[in-house]
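A.B. asks: Please find one structure pasted underneath; my questions will follow.
The values are calculated or read from the model by the stated rules, or taken from the named source; none is laboratory data. Keep in mind the model is a prediction, meaning the values are calculated, not measured. Here the Cβ positions follow ideal geometry from the backbone for every residue, glycine too, while neighbour counts run over all protein chains shown.
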Amino acid sequence: MSEPVINIESKVTHQSESIYASFQHANRQLDGLVAVDYFFAKEINQCLIFKPDSTSLLELNQEIKQLQWFHLLIALSASLRDGHSCLPLAQVAGKRLFTAGMNESNSETKGFLFSDLNTLTALVAELRLTDPNNENAFEQPIVCSHERLYLRRYYQFEQELKQVVRQRRIIKSALDAPSNNSIEALDDVGNIKSIIGSLFPDLAQLNDVQPSEIDWQAVAVANAINKNFAIIAGGPGTGKTYTVTKLLAALLMLARTKSNNSDSFTIPNISLVAPTGKAAQRLSESITSAVKAFRGSIDDKILDLIPEQAKTLHRLLGVIPDQVNFRHHQENQLNIDILLIDEVSMVDLPMMTRIFRALPTKTKVILLGDADQLPSVAVGSVLADFAPRPHLGYSAVNHHYLAQVTGYNSLTKVETAEANNSQYSAADCVTFLLKSRRFDGEGGIGRIANFVINGQYQESWQLLKQSETQDNASLSQGLSKDKQLTLLSGSIETWLAPLVEQYYLGLFQCSKVEEAFELLAKFRILSSTRKGPQGVESLNALVIDILRNKGAIPFNRFESNTHLYAAQPIMINENDYRLGVYNGDIGVLWRNAQGHLMAVFENAKGGLDWILPSRLPKFETVYAMTIHKTQGSEFDHVAMVLPEQKDNRLLSRELLYTGITRAKKHLSIASSQSVWQSGVSQQVNRHSGLAID
């Protein structure tokens with residue numbers, strides 16, 4: 001059995017004391033150690049006691065057990081900071097960690113070598129952590145389940161969410177069961193088939209249609225209409241909101257048929273929500289646009305019942321100022337029949353659990369999002385866990401139902417595993433929209449997005465190199481072409497100046513704040529990091545210098561004793577529930593009719609909110625922003641700037657894909673080949689036990 005190789009200068013002590021004399025001592029031994037991980041381990045270590053029994057096969061002395069356990073706690077804390085809900089023991093077993101940047105000469109004296117998996121499993125067993133439900137384990141702050149180490153609160157969130165979704169997946173909205181031969185079930189299938197046919201009049205009733213010819217939007221509506229829990233996933237341009245608007249119309253039409261097509265039928269209470277104010281605003285705009293487009297093809301009385309105003313998740317649940325709890329929870333649930341949540345990839349594990357706590361069992365939940373995007377900044381990757389790629393396959397029962405209402409018998413060949421003969425499949429609730437109408441695969445943005453998310457580094461870099469700019473003139477010419485892809489070359493200042501002049505200089509020439517918001521929607525600089533030459537802080541400073549040199553923000557434009565000026569774009573960094581502004585909200589400073597400088601924000605109702613800057617929570621200038629912060633937003637032109645170091649831990653194909661797909665017409669990228677390769681080659685794979693079985 002391998003011994004941990006580590007120099008211990010201080011005496012190894014009992015559990016109530018620290019393994020190391022101090023954080024500084026631990027930091028000398030463990031390369032890259034973060035203070036919060038050390039103090040987390042120190043605090044938790046005081047709460048746990050080893051209880052070996054006669055059946056234990058673990059032949060480690062107490063000091064080595066303490067060492068192994070303390071470093072497991074450090075690794076667990078680091079894992080939680082990276083967004084994982086747990087730490088699989090197999091991830092560290094037999095590995096030497098905390099050695100980043102060390103050379104061969106000192107690799108045997110620093111870092112920490114974990115024992116093998118069997119030893120770690122036995123170690124956890126001695127702590128009585130492997131049965132999370134027994135009385136002794138209940139008070140333990142750490143849980144081990146299926147060889148995964150959890151902080152108890154995240155284990156409880158995960159188990160609660162998994163159980164409630166499993167139950168909803170079985171409940172079929174009282175419409176179920178195409179295999180049920182009751183007259184009511186047959187009527188439901190007949191009604192659904194009629195509704196799908198009216199919403200998709202061009203739906204081909206074929207027995208052997210080719211996969212590329214399948215109307216996945218029709219399949220998504222058919223697959224979600226008879227389920228109490230449904231997921232519609234797809235990339236940009238696949239028509240997610242277009243599809244879900246037809247789904248809402250279908251649900252209303254189905255409710256009307258239950259009342260013998262009477263116009264006085266009971267109208268379902270529908271709520272539309274998104275994680276951020278910007279995402280809620282975009283959802284509202286998309287639903288409004290879709291409803292307008294469907295006028296003339298769908299009954300106006302039905303369309304009039306579709307809500308067009310979305311709200312944030314926080315507003316839905318009811319924020320209580322200065323408290324972590326919401327007004328709505330399991331004891332005070334929401335009165336909602338249908339809940340649509342957009343941009344689900346941004347929703348973390350605790351928030352999603354709290355949402356379901358606040359919902360009665362009757363509520364139909366529809367999740368909408370792009371599973372290929374970055375997961376939430378906090379713990380969890382809920383959408384990716386619930387909608388894994390590739391699709392796991394529809395059950396025979398669900399396939400039979402879909403064939404009945406759409407005519408697509410060939411779904412068996414496309415999406416259903418041959419061996420899947422079970423009554424229900426975990427993937428029955430999931431539909432992927434496979435065809436992008438914005439990125440048809442021929443344009444540069446669509447092609448590079450597909451290359452990146454599939455990990456095709458060489459193909460994506462070759463495509464980038466073909467679009468490389470050699471001078472500022474070629475960059476300006478390229479901006480006139482739709483869906484233009486550009487690889488930026490030269491120093492940042494060289495290519496940044498013409499972009500700032502084209503997009504940001506005009507902010508200071510706008511006569512109305514509405515015009516400023518229109519300009520801000522056209523362009524944004526994105527970065528993977530905040531710090532460093534390619535980070536958001538440096539990029540914002542460069543833009544300000546360029547604008548100042550152009551005379552747009554001379555010193556006399558600054559307010560006294562502040563760095564605020566008219567036409568300054570800002571982003572909120574903290575939630576303020578009283579003011580109704582939230583982390584990630586974008587606004588612009590503008591003078592009101594009295595000449596006072598105000599912060600202006602677009603609201604979900606299509607209006608403007610004017611707030612004194614002195615009342616705002618923490619905010620920053622936002623000519624440039626992190627890729628994470630842009631989720632839920634889109635811009636005509638995006639300039640994505642990547643760091644110089646290829647080993648940047650934030651780089652991943654999901655990060656690149658998210659940045660790429662924020663662009664609607666133009667995409668400019670500043671990156672070296674090695675950094676691009678590193679990003680495309682690295683995949684985000686968050687550890688959890690959430691996947692539904």
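A.B. asks: May I ask you to list the residues in the stretch 134-177 that are over 23 Å from LEU367 (Cβ atoms) and at pLDDT below 60?
C.D. replies: ASN134, GLU135, ASN136, ALA137, PHE138
A.B. asks: Also, quick follow-up: Mind checking whether some residue in the stretch 591-599 is buried (at least 22 other Cβ atoms within 10 Å of the Cβ) and under 24 Å from the mean Cα position of the chain (by Cα)?
C.D. replies: No, the stretch 591-599 has no match at all.
A.B. asks: Going by the conditions given, is LEU254 under 19 Å from SER289 (Cβ atoms) and not basic (Lys, Arg)?
C.D. replies: Spelling it out, it is not the case that LEU254 is under 19 Å from SER289 (Cβ atoms) and not basic (Lys, Arg).
A.B. asks: In the stretch 502-517, what residues are farther than 15 Å from TYR565 by Cβ and in a loop (DSSP other than H, G, I, E, B)?
C.D. replies: Those that are farther than 15 Å from TYR565 by Cβ and in a loop (DSSP other than H, G, I, E, B): SER511, LYS512.
A.B. asks: Being in the same structural domain as ALA521 (by TED's automatic domain parsing), outside any strand (DSSP E or B) and within 16 Å of ALA279 (Cα to Cα) is the filter here; which residues of the stretch 592-647 pass it?
C.D. replies: Those that are in the same structural domain as ALA521 (by TED's automatic domain parsing), outside any strand (DSSP E or B) and within 16 Å of ALA279 (Cα to Cα): ILE627, HIS628, LYS629, THR630, GLN631, GLY632, SER633, GLU634.
Each row is one residue, and each column tells you yes or no for (1) surrounded by fewer than 17 Cβ atoms within 10 Å (Cβ to Cβ); (2) part of a loop (DSSP other than H, G, I, E, B); (3) more than 21 Å from the chain's Cα centre (by Cα).
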residue: PRO236; (1), (2), (3): no, yes, no
residue: LYS246; (1), (2), (3): no, no, yes
residue: LEU283; (1), (2), (3): no, no, no
residue: SER289; (1), (2), (3): yes, no, yes
residue: HIS314; (1), (2), (3): no, no, no
residue: PRO321; (1), (2), (3): yes, yes, yes
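A.B. asks: Now for a separate question. Give the residue, chosen from PRO643, PRO617, that is under 17 Å from SER528 (Cα atoms) and not hydrophobic (A, V, I, L, M, F, W, C).
C.D. replies: When all the criteria are applied, what remains is PRO643.
A.B. asks: Suppose we filter the stretch 349-377 for residues that are assigned to a loop (DSSP other than H, G, I, E, B) and β-branched (Val, Ile, Thr); how many remain?
C.D. replies: Residues that pass the stated criteria total 3.
A.B. asks: Show the residue pairs that are 6+ apart or on different chains and have beta-carbon atoms under 8 Å apart, the first residue being within the stretch 588-614 and within 13 Å of ALA567 (Cα to Cα) and without any contact (Cβ under 8 Å) to a residue 24 or more places away in the chain, the second being assigned to a strand (DSSP E or B) and of a type outside the set (Asp, Glu).
C.D. replies: ASN592/MET598; ASN592/TRP610; MET598/LEU589; MET598/TRP590; MET598/ARG591; MET598/TRP610; MET598/ILE611
A.B. asks: Criterion first (of a type in the set (Ser, Thr, Tyr) and within 29 Å of LEU690 (Cα to Cα)) does THR353 satisfy it?
C.D. replies: Yes.
Residue-wise test of (1) surrounded by 15 or more Cβ atoms within 10 Å (Cβ to Cβ); (2) without any contact (Cβ under 8 Å) to a residue 12 or more places away in the chain; (3) not charged (D, E, K, R).
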site	(1), (2), (3)
GLU493	no, no, no
LEU505	yes, no, yes
LEU519	yes, no, yes
PHE523	yes, no, yes
SER527	yes, no, yes
PRO533	no, no, yes
ALA552	yes, no, yes
ALA566	yes, no, yes
ARG578	no, no, no
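A.B. asks: Of the conditions (1) closer than 24 Å to LEU317 by Cβ; (2) modelled with pLDDT of 95 or more; (3) not basic (Lys, Arg), SER286 satisfies every one except a single condition; which number is it?
C.D. replies: In the conditions (1) closer than 24 Å to LEU317 by Cβ; (2) modelled with pLDDT of 95 or more; (3) not basic (Lys, Arg), SER286 misses (2) alone.
A.B. asks: Filter the stretch 631-646 down to the residues that are touching a residue at least 40 places away in the same chain (Cβ under 8 Å) and surrounded by fewer than 22 Cβ atoms within 10 Å (Cβ to Cβ), then identify the one that is nearest to the chain's Cα centre (by Cα).
C.D. replies: Among residues in the stretch 631-646 that are touching a residue at least 40 places away in the same chain (Cβ under 8 Å) and surrounded by fewer than 22 Cβ atoms within 10 Å (Cβ to Cβ), the one nearest to the chain's Cα centre (by Cα) is SER633.
A.B. asks: Could you please find all residues in the stretch 248-274 being of a type in the set (S, T, N, Q) and at pLDDT 85 or above?
C.D. replies: THR257, THR266, ASN269, SER271 - these are the residues of the stretch 248-274 that are of a type in the set (S, T, N, Q) and at pLDDT 85 or above.
A.B. asks: Here's another thing I want to ask about it. Out of the residues in the stretch 323-346 meeting the condition of being assigned to a strand (DSSP E or B) and not hydrophobic (A, V, I, L, M, F, W, C), tell me which one is farthest from ASN575 (Cα to Cα).
C.D. replies: ASN332
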